[in-house]
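A.B. asks: This is the structure I have questions about; it appears just below.
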Amino acid sequence: MNFKFGPLLLTLALVASAAAGGAWVGARLLQPQAYTHEDFHDRLFAKLSLTDAQRELMETLERRHADENEALESRLADANRKLADLLEREAAYSDNIDGAIEDFHRAMLAYQKTSVRHLYEMREILDPAQRDIFDSHVAETLREYAN
């Protein structure tokens, strides 16, 4: 009797494997590209045709911004750890948890403001034609992240 159902079971197993593989491939191909900070700048700078002087100014801004980012990312991580510790210890929602959430959001807000300020600092280095490209690229990237 097992022999009679063997081909059917093999077919079902192959169909299930093909479906799972197809779903995985589809998810990978249809998933939006996750860009890093470096990808963003590489794509942007390729479009802008920066002069050597502009590139040097951009690199100076990047170094300064990297230091700020490191401090803000550390602050975010600390706030997240604090919230995680409280969630592990506290049996119910409390003022402590509420405060930890607010601390995290303040850190996130500072990070976002610094990032947007950095974009405007970069924009100041550009000529008017480059600014149009820059503005479009920034807006396009933000919209990609929103989807």
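The values are calculated or read from the model by the stated rules, or taken from the named source; none is laboratory data. On a predicted model such as this, the values are computed, not experimentally measured, just so you know. Quick reminder, even Gly has a Cβ in these numbers, built from the backbone with ideal geometry, and neighbours come from all protein chains shown.
A.B. asks: Determine the pairs where a residue that is within 14 Å of residue 118 (Cβ to Cβ), located within segment 132-143, has a partner that is part of a helix (DSSP H, G or I) and not basic (Lys, Arg) with Cβ atoms under 7 Å apart, the partner being 6 or more residues away or on another chain.
C.D. replies: 134/44; 134/48; 138/119; 141/40
A.B. asks: Consider only pairs whose beta carbons are under 8 Å apart and that are at least six residues apart or on different chains; among these, list those whose first residue lies in segment 56-74 and is assigned by TED's automatic domain parsing to the domain that holds residue 122 and whose second residue is surrounded by 11 or more Cβ atoms within 10 Å (Cβ to Cβ) and not in a helix (DSSP H, G or I).
C.D. replies: Close Cβ pairs (under 8 Å, with a partner that is surrounded by 11 or more Cβ atoms within 10 Å (Cβ to Cβ) and not in a helix (DSSP H, G or I)) amount to 57/125; 58/50; 58/125; 61/125.
A.B. asks: From the list 47, 82, exactly one residue is of a type in the set (Lys, Arg) and either outside any helix (DSSP H, G or I) or modelled with pLDDT under 90 (or both). Which is it? Break it down into steps so the answer makes sense when it comes.
C.D. replies: Values: 82 fails: either outside any helix (DSSP H, G or I) or modelled with pLDDT under 90 (or both).
It is 47.
A.B. asks: When you look at residue 87, is it surrounded by 15 or more Cβ atoms within 10 Å (Cβ to Cβ), assigned by TED's automatic domain parsing to the domain that holds residue 142 and out of contact with any strand residue (DSSP E or B) (no Cβ under 7 Å at 6 or more places or on another chain), yes or no? Break it down stepwise before answering.
C.D. replies: On the way: surrounded by 15 or more Cβ atoms within 10 Å (Cβ to Cβ): no; assigned by TED's automatic domain parsing to the domain that holds residue 142: yes; out of contact with any strand residue (DSSP E or B) (no Cβ under 7 Å at 6 or more places or on another chain): yes.
Here the answer is no, as residue 87 does not meet what is asked.
A.B. asks: Further, regarding this structure: Considering each of 111, 93 in turn, give the residue that is of a type outside the set (A, V, I, L, M, F, W, C) and part of a loop (DSSP other than H, G, I, E, B). Give the derivation first.
C.D. replies: Numbers: 111 fails: part of a loop (DSSP other than H, G, I, E, B).
Sole residue among the options that is of a type outside the set (A, V, I, L, M, F, W, C) and part of a loop (DSSP other than H, G, I, E, B): 93.
A.B. asks: Another question, then. Among the residues of segment 120-130, which ones are over 19 Å from residue 39 (Cα atoms), in a helix (DSSP H, G or I) and not acidic (Asp, Glu)?
C.D. replies: Selection gives 128, 129.
A.B. asks: Which one is modelled with the highest pLDDT among residues in segment 20-44 that are within 28 Å of residue 109 (Cβ to Cβ), exposed (fewer than 13 other Cβ atoms within 10 Å of the Cβ) and of a type in the set (D, E, K, R)?
C.D. replies: Taking the candidates together, the pick is 42.
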